[in-house]
1. Quick one: the Cα spread of the stretch 61-199 along its three principal axes, in angstroms, biggest first?
2. Ignoring everything except DSSP H segments at least 4 long, calculate the 222 nm mean residue ellipticity for the chain; use -39,500 (n - 2.57) per segment, divide by total residues, nearest 500.
3. Have a look at 320, 285, 67 and report the one farthest towards the positive end of the charge dipole of the chain, computed about the Cα centre with Cβ charges (Lys/Arg +1, Asp/Glu -1).
4. May I ask you to order 148-155, 339-346, 125-132, 276-283 by the average number of other C-beta atoms within 10 Å around their residues, highest value first?
5. Please compute the contact order of the chain in relative form: average sequence separation of alpha-carbon pairs under 8 Å and at least six residues apart, divided by the residue count, as a percent.
6. Gap in Å between the Cα centre of the stretch 176-195 and the Cα centre of the stretch 204-256?
7. What angle, in degrees between 0 and 90 and rounded to the nearest 10, separates the Cα long axis of helix 136-147 from the longest principal axis of the Cα atoms of the chain?
8. How far is helix 48-61 tilted, in degrees, relative to the longest principal axis of the Cα atoms in the chain, given as a value from 0 to 90 rounded to the nearest 10?
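Every number in this text was worked out from the coordinates using simple rules, so none of it is lab data. Since we're looking at a predicted model, the values are computed, not measured. Cβ placement follows ideal geometry from the backbone for every residue including glycine, while neighbour counts extend to all protein chains displayed.
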Amino acid sequence: MKTRHTPAFAALRRGRQNLLAAALVGVVAFTATIAYAADPLASWNDGPTKQAITEFVKATTTQGSPQFVPPEERIATFDQDGTLWVEHPMYTQVMYCLEQVPALVKAKPELAKVAPFSTVLEVLHGDRAAMEKLTMDDLMKILAATSTGMSVEEFSAEVKKWFAEAKDSRWKKPYTELTYQPMQEVLKYLRANGFKTYIVTGGGQDFVRQYAEKTYGIPPEQVVGSVGETKYDYDKDGKPFLTKEPKMLLNDNNAGKPEGIHLMIGRRPHIAFGNSTGDQQMLEYTKAGDGARLSLLVLHDDAEREYAYGPAEGLPDTKVGTFTQALYDEAKKNGWTVISMKKDWKVIFPFESK
């Protein structure tokens, strides 16, 4: 005898099927979550580089380990440009300063015919070759003209306004979305294991502090960077404020990095990440400490997914984030870990894995 199902029965059956489908989706999501929890460095390919990081963390955080590091001494330092986010074709802070020049020229029209401001206008009007004319002294003049002579609050507001609108020329995305997913995982992994994470950058300390917490989970007080003097004064209502002055206090690059670490942190890092000659002394300083220490360098060798530059290992030469063969050789000689972006990272940006 053929069984006839009523509409109510069919609806009940469909409901059970929907519940089953939802349950399966939940199981898959839960399994993925468990898998990620089991592998906090999910964007890293298995191999010696990933293993060096996980073994270091295990050795330094396991009670009874001969390499155990007390929680208060677990300091991790990270360069930013080229280590935590994209630095090519030009450092983000330099782009900020260049794009402030038109407003500066509008306020002071005479600067339109004065180098290096006239050169910047050429660059912004599409003459990218003009960028080669800008020397380091030129960039320092532009930095002073666009980032000093104002209160720290005014500077903060200008930077935040720029970041809300500015986008990278290649990916057409906000600069803060061009962080490296594998490095974001390392930051979280280290913090989950009791390490305090610091940015130690040659970039402007006040500049990086505007977005570091939201972008990397690193609060302003854990950003060490190049910094100029400030001047204490009162406004017309008697309210105190600080003005950014055009005089350098700390150039937090090269030897300035370990000097800044000592000045601002007061403890030698147990693990440090960099990507260029500007990070050499920080990595040397880290590795020279007692006990377990790990120094790592990111090598940009993936032109397809990001950029390729060195000139280490025959990669194209560059003035931005230079990684020389001499630095590569020092890393290999002294037991530093070189991270190959091409070989060690499954994905580069967070938006790739979505």
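1. Principal extents (Cα only, largest first): 68, 33, 27 Å.
2. Estimated from H runs of four or more residues: -12500 deg cm²/dmol.
3. Of the candidates, 67 comes out farthest on the positive side.
4. Highest-to-lowest ranking by the protection proxy: 276-283, 339-346, 148-155, 125-132.
5. This gives 19 percent for the chain.
6. 23
7. In the chain, helix 136-147 runs at an angle near 80 degrees to the longest axis.
8. 90
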